[in-house]
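Have a look at the structure below before the remarks.
Computed from the coordinates by the stated procedures, all read-outs in this text should not be read as laboratory data. Since this is a predicted model, take the numbers as computed values, not measurements. Cβ placement follows ideal geometry from the backbone for every residue including glycine, while neighbour counts extend to all protein chains displayed.
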Amino acid sequence: MPFVQFYFELEVYKLSRELAKEVYIVSMKFPIEERFSLTDQIRRASRSIGGQIAEAWGKRRYINHFISKLTDGDAEQYETRHWIEVAHDCELVSSEELQSIVMKCDQINNKLNAMMSKADKFCFKP
């Protein structure tokens, strides 16, 4: 992968945006009584992944901060996965929708872990 200049060029960031959009579309059909609970939770978690990646990019001067923010993004991916599984258990999303979102979460997890294992390649050298 050629070195990128900005966080929004990262494949994992682009994938996080796709995931957030898919979660938004799927959650639009949740019942009104879930607006301030499940809907809010899953949307916030899915949107936070990209935010954490962007913050990590801004902290590349310090390798431990960079890794910490990527870890936070990975945690948000797991939270998104949890909420979509709950929605599936409650029959609010189909098995196909669940699989699509879980697959994106898996890809994000793999890419974030790869970035963390090679953090020195992304961070500034003093």
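Just a few scattered comments:
- Listed residue (F30, L19, S117) projecting farthest to the positive dipole end of the chain, Cβ model: S117
- Note on the chain: with a GNM built from Cα contacts shorter than 10 Å, the maximum mean-square fluctuation among K104, K69, K14 falls on K14.
- Between the Cα long axis of helix 63-89 and the first principal axis of the chain there is an angle of about 10°, rounded to the nearest 10.
- Each of (1) 13, 46, 35, 6; (2) 9, 16, 14, 20, 25, 13, 3, 0; (3) 14, 44, 26, 13, 3, 0 is a candidate for P(r) over Cα pairs in 10 Å bins from 0, in percent; the one calculated from this structure is (3).
- Dividing the summed helix terms, -39500 (n - 2.57) for each DSSP H run of n ≥ 4, by the number of residues in the chain produces a 222 nm estimate of -24000 deg cm²/dmol to the nearest 500.
- Whole-Hz couplings from phi, Karplus 6.51/-1.76/1.60, listed for the range 91-101; x for Gly and Pro: 6, 9, 10, 7, 4, 5, 5, 4, 4, 4, 6
- Selection of GluC sites (Glu not before Pro), the range 31-108, meeting DSSP coil and at most 13 other Cβ within 10 Å: E91
- For the range 1-55, the calculated P(r), taken from all Cα-Cα distances in 10 Å bins from zero up to the bin holding the longest distance, is 25, 42, 23, 9, 2 percent.
- ³J(HN,Hα) computed for each position of the range 109-120 - Karplus, 6.51 cos²θ - 1.76 cosθ + 1.60, integer Hz, glycine/proline x: 4, 4, 5, 5, 5, 5, 5, 5, 6, 10, 4, 4
- Free of any chymotrypsin sites (Phe, Trp or Tyr not before Pro) that DSSP assigns to a loop and that have at most 13 other C-beta atoms within 10 Å, the longest stretch within the chain is 63-123.
- Put a plus charge on the Cβ of each Lys and Arg, a minus charge on the Cβ of each Asp and Glu, and nothing anywhere else: the dipole of the chain about its Cα centre is then about 860 debye.
- In order through the range 35-48: 3J(HN,Hα) via Karplus (6.51 cos²θ - 1.76 cosθ + 1.60), integer Hz, x for Gly, Pro: 3, 9, 10, 4, 4, 5, 4, 6, 5, 4, 4, 5, 6, 6
- Highest mobility in the GNM of the chain, judged by mean-square fluctuation with C-alpha springs under 10 Å and restricted to D72, D106, D89, is found for D89.
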